[in-house]
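The values are calculated or read from the model by the stated rules, or taken from the named source; none is laboratory data. These figures come from a predicted structure and were not determined experimentally. Glycine also receives a Cβ, built like all others from the backbone with ideal geometry; neighbour counts cover every protein chain displayed. Just the protein is used for accessible areas: all its heavy atoms, side chains included, with ligands, DNA and RNA removed. Shrake-Rupley method; radii C 1.70, N 1.55, O 1.52, S 1.80 Å.
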Amino acid sequence: MMDIARRFVCDAQVVLFEIERAIRSRDDDALRRSAAALRSQALFLGLRPLAHHCGLIELHPATGHRETELAIIRGEIDQLQKALQREDARTVG
């Protein structure tokens with residue numbers, strides 16, 4: 001499961017870049033697709049808060065809350081990455 005979570009964090013960084021690019025270019029379709037992909041992966045891993053915020057972007061890509069939701073999503077992914085790093089340090093040490 002840890003390997004899957006690590007892979008998710010790596011993949012999520014790519015999707016976050018795609019979301020940011022879609023926001024900058026005002027491409028609501030690309031934004032919706034990227035948010036849906038990340039939401040699906042988050043649900044698979046049981047990351048419900050992350051999936052919820054991706055879903056908000058997916059359902060309402062044109063609202064002014066995209067940047068706020070993106071910041072929350074990034075924070076959730078950062079927390080997961082830090083938890084994985086702590087687990088790695090615990091198992092190595």
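See the values below:
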read-out	value
Residue match in the range 52-69 (condition: at pLDDT 95 or above and over 12 Å from the mean Cα position of the chain (by Cα))	no
Matching residues, the range 62-83, being in contact with a helix residue (DSSP H, G or I) (Cβ under 7 Å, 6 or more places away or on another chain) and either closer than 14 Å to Leu50 by Cβ or of a type in the set (Lys, Arg) (or both)	Arg66, Glu69, Leu70, Ile72, Ile73, Arg74, Glu76, Ile77, Leu80, Gln81
Conditions (1) open to solvent by 40 Å² or more (accessible area, probe 1.4 Å); (2) assigned to a helix (DSSP H, G or I); (3) at pLDDT below 95; (4) of a type in the set (Gly, Ala, Ser): number failed by Ala22	(1)
Single unsatisfied condition, Ala35 versus (1) modelled with pLDDT of 95 or more; (2) within 16 Å of Arg6 (Cα to Cα); (3) not basic (Lys, Arg)	(2)
Residue in the range 5-18 that is touching a Ser or Thr at 6+ places or on another chain (Cβ under 9 Å) and charged (D, E, K, R) present	yes
Neighbours by Cβ (under 7 Å, 6+ apart or cross-chain): first from the range 1-19, free of Cβ contacts under 8 Å to residues at least 60 places away in the same chain and in a helix (DSSP H, G or I); second among the β-branched types (Val, Ile, Thr) and open to solvent by 70 Å² or more (accessible area, probe 1.4 Å)	none
